[in-house]
Amino acid sequence: MNAFFASVEQQSNPHLRGKPIAVIGAAKRTVITTSSYEARAFGVKTGMNTWEAKQKCPEIIFVVGNNRKYTYTSTQIIKIMREYTPLVEVSSIDEAFLDVTGCLSLFGSPERIAYLIKARIKHQFGITCSIGIAQNKLLAKLASDMQKPDGLTIIKPEDVTRVLERVPIKDLCGIGSKMNQYLTKFGIRTCGDLGRFPIDILKRRFGIIGERLHFMGMGIDDSPVIPDEEAAEVKSVGHSMTLEKDVTDRTDILMYLLQLSEMVGRRARKYRVAGKTITLTIRYTDFTTFGKQESQSRHINNSEDIYQAAVKILDSLVLTQPIRLLGVKISSLQYYTEQLPLFPEERKKALIAGAMDSVNNKFGDFSVTFGSLLGEDRGSKVISPAWRPEGIRNVEVE
Amino acid sequence: MQRVKERIRVAAIFAPGSKIKPVWFEWRRQKHTVKELSYFWKDHVGDETRLHFAVTDGINLFELVYNAFDQSWNLEGIEGEQ
């Protein structure tokens, strides 16, 4: 999707159409999540502070994002895609891969399918997308980035070498800024350079990745389109949050840990998983980020158990700076079927959690919760990159 | 958008295919005719399904919410001169 959140907001509010806008979070110290193409023309970029954006574009209009609007829109768009092929791999809230090989006899050419999808998205939501068509995911992604907004780019098999010859390696999905720097030191600047570079040197320097890099340079990618239902089982359930302000006070930290533990526990119980490893992630004011994990004697998903384990990890740390972000995660997951614990105390805890979950399922998350969490607006406020329209990764956002 | 969260009276067309189109609504004793339904989305709070409609009367932008659980209409928010 093109400038997805900003496009949705411009469509929602006719007064914003054609104007430079940026979608921001509701928190005080928010950054720009997405900006419209009109704002991008002034140099406004994702991740900028609001004052930086204002400097670049004094006319910019800030819009507080509405995550539910975006997750709904994304889910509907994915439904449209699935009408053409069941092989849809959702890679983020605004990006997906479709394998249309098996449905060409039904719908005609890939180009026709692309135009139909674009037309339906435009008709239903008034927003545009860019589509890339090629023989594999690597090239399709590259093609989709070549023409924005509202593009349709086809890289035909016979054109791959010619197209890649001048494409900078940083444009390839999977080559980040660090890898780009490394490769530039070898004199590799374009995909053409990368494809020609001796594979043995790449393998010596980057190991197994070296071989993959070589193939990427030649436009070869054999990774299949994996629909959600065939994707590997999730390995962890976690939540993190950037705090309203940096905190040092233990009571404040514990309150956030309890909230995160409840979010993790509730999602784990909903999808019937329990974890044996608990990880606490902390980010300091200076953005130094670290995590510490601890194995438990048994698999847990009760919010209170997760909280106690997170507190134990916290108490084993010597904090040297105020905390900017906290995260709690359970991993080493085990799927289970409902079974009440044998011991009375554990049984009581499970029954309480079950009762709380029932109420929250009926009336919404945090309708009934721990006393220390009352009074504030709780819940996930950010759409995680791992968000998916269904399943355990479908995190309800505020 | 300024939050309002007030129950309102809405005239809407319930068309086949579960399509709902607000036509006009009353808020603070004033009738607003919907000029454009600019966006629609759905969400859930517990058991409740809520249908959100971003509509304009040509001057202001309103967010109307139809709660399918208790069949009520709310004016969620307003943006504009008022």
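Residues of the range B:1-23 that are away from chain A (no Cβ under 14 Å) and under 13 Å from B:Ala54 (Cα atoms): B:Ile20, B:Lys21, B:Pro22, B:Val23.
Across the range A:358-378, the number of residues qualifying as touching a residue at least 60 places away in the same chain (Cβ under 8 Å), of a type outside the set (Lys, Arg), out of contact with any Gly (no Cβ under 9 Å at 6 or more places or on another chain) and within 14 Å of chain B (Cβ to nearest Cβ) comes to 1.
Scan the range A:227-263 residue by residue and report those that are more than 30 Å from A:Pro86 (Cα to Cα) and among the β-branched types (Val, Ile, Thr). Once the filter is applied, which keeps residues that are more than 30 Å from A:Pro86 (Cα to Cα) and among the β-branched types (Val, Ile, Thr), the range A:227-263 yields A:Thr242, A:Val247, A:Thr248, A:Thr251, A:Ile253. Considering only residues that are in contact with a Leu (Cβ under 9 Å, 6 or more places away or on another chain) and within 14 Å of chain B (Cβ to nearest Cβ), look in the range A:39-89 and name the one that is surrounded by the most Cβ atoms within 10 Å (Cβ to Cβ). That would be A:Val63.
Take the range A:8-29 and flag every residue that is away from chain B (no Cβ under 11 Å) and not charged (D, E, K, R).
A:Gly18, A:Pro20, A:Ile21, A:Ala22, A:Val23, A:Ile24, A:Gly25, A:Ala26, A:Ala27
Regarding A:Gly364, is this residue at positive phi, surrounded by 15 or more Cβ atoms within 10 Å (Cβ to Cβ) and under 26 Å from the mean Cα position of the chain (by Cα)? Against the criterion (at positive phi, surrounded by 15 or more Cβ atoms within 10 Å (Cβ to Cβ) and under 26 Å from the mean Cα position of the chain (by Cα)), A:Gly364 qualifies. Any idea which of (1) in contact (Cβ under 8 Å) with a residue 12 or more places away in the chain; (2) within 12 Å of chain B (Cβ to nearest Cβ) is the one A:Ile32 doesn't satisfy? Result: A:Ile32 passes all but (2). Are any of the residues in the range B:24-33 more than 20 Å from A:Ser12 (Cβ to Cβ), more than 13 Å from chain A (Cβ to nearest Cβ) and under 11 Å from the mean Cα position of the chain (by Cα)? Within the range B:24-33, one or more residues are more than 20 Å from A:Ser12 (Cβ to Cβ), more than 13 Å from chain A (Cβ to nearest Cβ) and under 11 Å from the mean Cα position of the chain (by Cα). Tell me, yes or no, whether the range A:337-346 has at least one residue that is assigned to a helix (DSSP H, G or I), under 26 Å from the mean Cα position of the chain (by Cα) and within 26 Å of A:Gly364 (Cα to Cα). The answer is no; no qualifying residue exists.
Look at A:Ile155 and say whether it is within 14 Å of chain B (Cβ to nearest Cβ), of a type in the set (A, V, I, L, M, F, W, C) and buried (at least 19 other Cβ atoms within 10 Å of the Cβ). Break it down into steps so the answer makes sense when it comes.
On the way: within 14 Å of chain B (Cβ to nearest Cβ): no; of a type in the set (A, V, I, L, M, F, W, C): yes; buried (at least 19 other Cβ atoms within 10 Å of the Cβ): yes.
In short, no.
With respect to the conditions (1) surrounded by 14 or more Cβ atoms within 10 Å (Cβ to Cβ); (2) part of a loop (DSSP other than H, G, I, E, B); (3) small (Gly, Ala, Ser), A:Ala310 falls short on a single one, namely (2). Listed by position, the strands (runs of 3 or more DSSP E) contained in the range A:4-80 that have at least 2 residues being closer than 21 Å to A:Lys148 by Cα and among the polar types (S, T, N, Q) are A:32-35. The residue of the range B:60-82 that is surrounded by the fewest Cβ atoms within 10 Å (Cβ to Cβ), among those that are within 12 Å of chain A (Cβ to nearest Cβ) and either at pLDDT 95 or above or closer than 14 Å to B:Arg7 by Cα (or both), is B:Gly77.
Here is a yes/no grid of residues against (1) of a type in the set (Ser, Thr, Tyr); (2) within 13 Å of A:Ile253 (Cβ to Cβ); (3) in contact (Cβ under 8 Å) with a residue 12 or more places away in the chain:
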residue	(1), (2), (3)
A:Thr279	yes, no, yes
A:Tyr284	yes, yes, yes
A:Ser297	yes, no, no
A:Glu304	no, no, yes
A:Lys312	no, no, yes
A:Arg324	no, yes, yes
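Only one entry in A:Ala274, A:Ala310, A:Ala268, A:Ala232 is in contact with a His (Cβ under 6 Å, 6 or more places away or on another chain) and either under 30 Å from A:Gly354 (Cα atoms) or modelled with pLDDT of 95 or more (or both), namely A:Ala274.
Mind counting the residues in the range A:315-356 that are more than 21 Å from A:Arg266 (Cβ to Cβ) and at pLDDT 90 or above? Matching residues across the range A:315-356 total 10.
The requirement of being part of a loop (DSSP other than H, G, I, E, B), among the hydroxyl-bearing types (Ser, Thr, Tyr) and under 27 Å from B:Asn67 (Cα atoms) is satisfied by A:Ser367. Kindly indicate whether A:Val264 is closer than 24 Å to A:Leu351 by Cα, under 20 Å from the mean Cα position of the chain (by Cα) and part of a strand (DSSP E or B). In short, no.
Selection within the range B:43-59: residues that are surrounded by 16 or more Cβ atoms within 10 Å (Cβ to Cβ) and not aliphatic (A, V, I, L, M). The member of this set that is nearest to the other protein chains (Cβ to nearest Cβ) is B:Asp43.
The values are calculated or read from the model by the stated rules, or taken from the named source; none is laboratory data. Predicted, not measured: the structure shown is a model, and the values here were computed from it. No Cβ is skipped: glycine too gets one built from the backbone with ideal geometry, and neighbour counts run over all protein chains shown.
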